[in-house]
Amino acid sequence: MIKRLHSAAVEGIKGYEVQVEVDARPVEDTGRITVVGLPDAAVRESVQRVTSALTNSSFFRPGDMAVTVNLAPADTRKQGPGFDLPIALALEMAIQENYRDVPEVFKRRVPTGLDSWCFVGELALDGEVRGVRGVLPLAVAARDAGRQFMMVAEENAPEAAVVEGLTVYGVKTLRDAWELLVSPTRFAPYNLPADMPPAPTEVDFDEVKGQPYARRAMEIAAAGGHNLLMCGSPGSGKSMLASRLATILPPLTHEEALEASSIHSVCGQLPRTGGLLAHRPCRSPHHTISDVGLMGGGSNITPGEISLAHHGVLFLDELPEFTRRTLETLRQPLESGRVTISRASGSMEFPCQFMLIAAMNPCPCGYLGDPVHRCRCSAADVARYRKKISGPLLDRFDMLIEVPPVDPASLLNKPDGESSADIRARVVAARARQARRYAGTGINCNARLSSKLIRQHCPLTPGQQQMLLDAVGQLGLSARAFDRILRVARTIADLAGAEVPTDAHLFEAIQFRQFESQLRS
């Protein structure tokens, strides 16, 4: 008799249901186990893990049997060790029902009514059930397929339990899994703990001394989801400001948290404490990162840093130190909010809507324009250094600012800036205005406005139109920069609670593009 159980697999960051079918029957020669259904190496190796786990868990495993394991649908490649648990359970059920000569000591009651269950878990050789990656999207797939219960490793239970409409059980061993199916009332499902207040952050904007212009730029960037490039000499506070951006970002919505958490789950980077991501992700890769590490890919296509920063921040420190090829790959994802990775084995599309915050020095030595330190770079050195950032990439930044050196005398003074909590309150209020304005459009912040919506929500008076045209001509800005100024002006108006951008809002937005002409020169 063929036994069927339900499991799930991940393709990209989306889960889909997989049927595990096991046919075990007695044969006269040495037994064999065959796995079909496009399994990868990890799935094929489940044969050794499953047989050892059954034996070491005191389950009956005759040697004279032929076993065929089919993973359906058969036209999609199955990856990872998550099928170990359903294969082992289905195999033991088939053995108990197909073998008449099962010794009395190994006879077990066979569970029934398992069509409403989904099983995911890796097995150790001693029968321990281990956690796997991507349980969150797998749980979503199980629920969407109509499953009511899910069995996972104990360490994966907090992750799966966030999916509403699914009862999750965490098990430690293969024997626990069997006992749960036979006597479910003896086990309690996993319940997420009551919401805990977020842990206090270790950094705050009130620790920043000076730099009022840069702090204002960070607030506007957070309020509108804008990309920001900071240029300044070493020690001016660029990294310090960037590390505090997360403390003023608005909280994740449930839908955003589910999307971002699914990506981290697939990459094995979701905290084991359970629940969805509590804060917007902030990623800061080193400048030696490869194209695959940044964009995603590999033999088994997985998300890269830009997808791990989905609905959060990607901070690139020492921007010109990244290879030009790596930086140029950012251009298309920054516009579309999605990245498509194509390989011979297939293609995957990952979401990547993130704020790009970058920092750079004005020259290779870092002291061009510094009032204290002498710059030793030649004009050719400076030009070569800045050419690493192409014009099209500069166009992708909504705001470009210069961060001047900090006056040493100000370091002895008490911080005179606002706290992160005060700034965040204004940011949240501005995002709420944007959410109401763009309801039903799929847009969640001003940085995502299309050219058509910009004209609709950023009406300009004749005087403002002339002001903007003059600025674009004098600064040598592109048409893309034209739209980005309007997006920033719209955000400044939202922070001020204004219905439409005023002359002052537009003028301030133009100021945040003035430094671009210096970088291009």
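Numbers for the structure displayed
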{"read-out": "Sole residue being surrounded by 19 or more Cβ atoms within 10 Å (Cβ to Cβ), touching a helix residue (DSSP H, G or I) at 6+ places or on another chain (Cβ under 9 Å), modelled with pLDDT of 90 or more and outside any strand (DSSP E or B), chosen from Ala90, Ala53", "value": "Ala53"}
{"read-out": "Residue count, region 361-394 (criterion: of a type in the set (D, E, K, R) and surrounded by 15 or more Cβ atoms within 10 Å (Cβ to Cβ))", "value": "4"}
{"read-out": "For Ala344: the one exception among (1) under 27 Å from the mean Cα position of the chain (by Cα); (2) among the aliphatic types (A, V, I, L, M); (3) within 15 Å of Met230 (Cα to Cα)", "value": "(3)"}
{"read-out": "Breaking point among (1) modelled with pLDDT under 95; (2) more than 24 Å from the chain's Cα centre (by Cα); (3) assigned by TED's automatic domain parsing to the domain that holds Arg325, for Lys452", "value": "(3)"}
{"read-out": "Whichever residue in region 283-302 is more than 28 Å from Glu154 (Cα to Cα) and in a strand (DSSP E or B) and, among such residues, is farthest from the chain's Cα centre (by Cα)", "value": "Gly297"}
{"read-out": "Test: residue in region 438-450 that is surrounded by 12 or more Cβ atoms within 10 Å (Cβ to Cβ), within 18 Å of Ile510 (Cα to Cα), without any contact (Cβ under 8 Å) to a residue 40 or more places away in the chain and not aliphatic (A, V, I, L, M)", "value": "no"}
{"read-out": "Residues that are small (Gly, Ala, Ser) and touching a strand residue (DSSP E or B) at 6+ places or on another chain (Cβ under 6 Å), drawn from region 292-311", "value": "Gly296, Gly297, Gly304, Ser307, Ala309"}
{"read-out": "Every pair of residues 6+ apart whose Cβ atoms lie under 6 Å, when the first sits in region 1-26 and is in contact (Cβ under 8 Å) with a residue 40 or more places away in the chain and closer than 30 Å to Asp64 by Cβ while the second is small (Gly, Ala, Ser) and not in a strand (DSSP E or B)", "value": "Lys3/Ala90; Lys3/Ala94; Leu5/Ala90; Val20/Ala90; Val22/Ala90; Val22/Ala94; Ala24/Ala94"}
{"read-out": "Criterion: among the acidic types (Asp, Glu), more than 27 Å from Glu202 (Cβ to Cβ) and outside the structural domain of Ala42 (by TED's automatic domain parsing) - qualifying residue of Glu305, Glu328, Glu321, Glu256", "value": "Glu328"}
{"read-out": "Selected residue [buried (at least 16 other Cβ atoms within 10 Å of the Cβ), in contact with a His (Cβ under 8 Å, 6 or more places away or on another chain) and closer than 22 Å to Leu334 by Cα] from Ile510, Ile485, Ile454, Ile492", "value": "Ile492"}
{"read-out": "Region 219-237, residues that are more than 22 Å from the chain's Cα centre (by Cα) and in a helix (DSSP H, G or I)", "value": "Glu219, Ile220"}
{"read-out": "Those residues of region 340-356 which are assigned to a strand (DSSP E or B) and out of contact with any Asp or Glu (no Cβ under 7 Å at 6 or more places or on another chain), in sequence order", "value": "Ile341, Ser342, Arg343, Gly346, Ser347, Met348, Glu349, Phe350, Met355, Leu356"}
{"read-out": "Among (1) assigned to a loop (DSSP other than H, G, I, E, B); (2) closer than 22 Å to Ala9 by Cα, the one test that Val102 misses", "value": "(2)"}
{"read-out": "Output for region 275-314, where each listed residue is of a type in the set (Gly, Ala, Ser), surrounded by fewer than 19 Cβ atoms within 10 Å (Cβ to Cβ) and either within 18 Å of Gly134 (Cα to Cα) or in contact (Cβ under 8 Å) with a residue 60 or more places away in the chain (or both)", "value": "Gly275, Ala278, Gly298, Ser299"}
{"read-out": "Filter result for the condition that a residue is surrounded by fewer than 18 Cβ atoms within 10 Å (Cβ to Cβ) and part of a helix (DSSP H, G or I), over Arg272, Arg216", "value": "Arg216"}
{"read-out": "Output for region 160-184, where each listed residue is of a type in the set (S, T, N, Q) and modelled with pLDDT of 95 or more", "value": "Thr167, Thr173"}
{"read-out": "Candidate set from region 303-329 (those that are in contact with a helix residue (DSSP H, G or I) (Cβ under 7 Å, 6 or more places away or on another chain) and assigned to a strand (DSSP E or B)); member that is farthest from Pro281 (Cα to Cα)", "value": "Pro303"}
{"read-out": "From the options Leu469, Leu411, residue that is surrounded by fewer than 13 Cβ atoms within 10 Å (Cβ to Cβ), in a helix (DSSP H, G or I) and at pLDDT below 90", "value": "Leu411"}
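The values are calculated or read from the model by the stated rules, or taken from the named source; none is laboratory data. Bear in mind that the values here come from a model prediction, so they are computed numbers and not experimental data. Methodologically, a virtual Cβ is constructed for each residue, glycine included, from the backbone with ideal geometry; neighbour enumeration extends over all protein chains shown.
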